[in-house]
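Written out below as structure tokens is the structure these notes cover.
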Amino acid sequence: MAQEAIEEVRGWLAEAPHIAVLTGAGMSAESGIATFRDALTGLWARFDPQRLASPEGFAADPALVWDWYASRRAGVMAAKPNAGHRALADFERRHPGRLHVVTQNVDDLHQRAGSENVIRLHGDILEDRWFDACRRHARGGNVCDPSWAEPGSPPACADCGNRVRPGVVWFGEALPVAALEAAEQLARRCAVMLVIGTSGAVHPAAGLAYTARRAGAKVVIVNPQLSELDPLALRRLQGTAAALLPLLLAEEPLAA
Ligand code: APR
């Protein structure tokens, strides 16, 4: 990667009062978590997203879907933040309020690295939710807590059989409104948007880069491969999150 390109982007970041960072699965790839669309290793190259990541798929085979997420949860819990996650958290610590992360990822590696300003667009794989509305609540009782569910694949309510599902946004489901609105506000307000490790294949998340560009922000892409958002980029840095983010966000000048 040409040093000049990195120095140029470092200059933009140094001057930017607000920086938005849109991250995707590539952000966690160097922590050992599979991406979705990588031709060979991507989850969707090996598994059917409609069968495993949709409400219909869960209704059709809850045990298959639950066990698949249980294995992914184990992978997330075993993973560690990489140098890219740490560089973002360090920058946020040094420059409070200037950098916000908007992530499509359902892992907790940004938070475990110490990032506090993190908007999660696609939910949290470690969170449990009820699949259906709580029937006891419908009968006037309090809402049951998913942690009360009887163990199983998936766990289920002993009272009404309601099943537990992972707290992620599945295909065909709406994103959390407050998170999306906050992310759009950041995209409209940022002077620089770093787009890290996303194919840009999924909307409305990918649309945030268009919002930032339309609002006059400098869009910078970090990705070892081409992505659908490349036409928006003022600078495309071909490389990985863990290799390039520490260079882009380091406080001290880079060695010549
Ligand atoms: N550093 C930076 N980028 C990387 C790295 C890395 N180490 N490794 C891979 N990439 C890039 C790939 O080249 C690819 O462009 O990360 C991107 C990952 O793309 P996807 O697998 O499509 O993941 P993502 O863009 O996050 O998917 C969006 O789709 O399946 C749904 O809800 C899921 O949030 C996900 C959404």
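The values are calculated or read from the model by the stated rules, or taken from the named source; none is laboratory data. Because the structure is a prediction, the values reported are computed rather than measured. Reconstructed Cβ throughout: ideal geometry from the backbone, glycine too, with neighbour counts over all protein chains shown. Note: areas computed on protein heavy atoms with side chains; ligands, DNA, RNA excluded. Shrake-Rupley method; radii C 1.70, N 1.55, O 1.52, S 1.80 Å.
Could you check the stretch 173-214 and list, in sequence order, the residues that are away from the ligand (no atom under 16 Å from the Cβ), closer than 20 Å to V106 by Cβ and not acidic (D, E)?
Those that are away from the ligand (no atom under 16 Å from the Cβ), closer than 20 Å to V106 by Cβ and not acidic (D, E): V177, A178, A182, L186.
Would it be correct to say that R236 is surrounded by fewer than 21 Cβ atoms within 10 Å (Cβ to Cβ), over 17 Å from Q104 (Cβ atoms) and away from the ligand (no atom under 12 Å from the Cβ)? Reasoning before the result, please.
Details: surrounded by fewer than 21 Cβ atoms within 10 Å (Cβ to Cβ): yes; over 17 Å from Q104 (Cβ atoms): yes; away from the ligand (no atom under 12 Å from the Cβ): no.
No: the conditions fail for R236.
I need the full set of residues from the stretch 161-187 which are aliphatic (A, V, I, L, M), in a loop (DSSP other than H, G, I, E, B) and open to solvent by 60 Å² or more (accessible area, probe 1.4 Å), in order please.
Answer for the stretch 161-187, where residues must be aliphatic (A, V, I, L, M), in a loop (DSSP other than H, G, I, E, B) and open to solvent by 60 Å² or more (accessible area, probe 1.4 Å): just A174.
What do you reckon, is A133 at negative phi, open to solvent by 30 Å² or more (accessible area, probe 1.4 Å) and over 16 Å from the mean Cα position of the chain (by Cα)? Steps first, please.
Working: at negative phi: yes; open to solvent by 30 Å² or more (accessible area, probe 1.4 Å): yes; over 16 Å from the mean Cα position of the chain (by Cα): yes.
So A133 fits the description; yes.
Within the stretch 97-128, take every residue that is assigned to a helix (DSSP H, G or I) and aliphatic (A, V, I, L, M) and give me the one that is least open to solvent (accessible area, probe 1.4 Å).
Of the residues in the stretch 97-128, the ones assigned to a helix (DSSP H, G or I) are 109-113.
When the remaining residues are screened for being aliphatic (A, V, I, L, M), the result is 109, 113.
Numbers: L109: 0, A113: 17 Å².
Ranking the candidates gives L109 first.
Filter the helices (runs of 4 or more DSSP H) completely within the stretch 4-59 down to those with at least 3 residues that are open to solvent by less than 40 Å² (accessible area, probe 1.4 Å), within 13 Å of the ligand (Cβ to nearest atom) and touching a residue at least 24 places away in the same chain (Cβ under 8 Å).
Details: elements: 26-29, 43-46, 49-52.
The qualifying helices (runs of 4 or more DSSP H) are 26-29.
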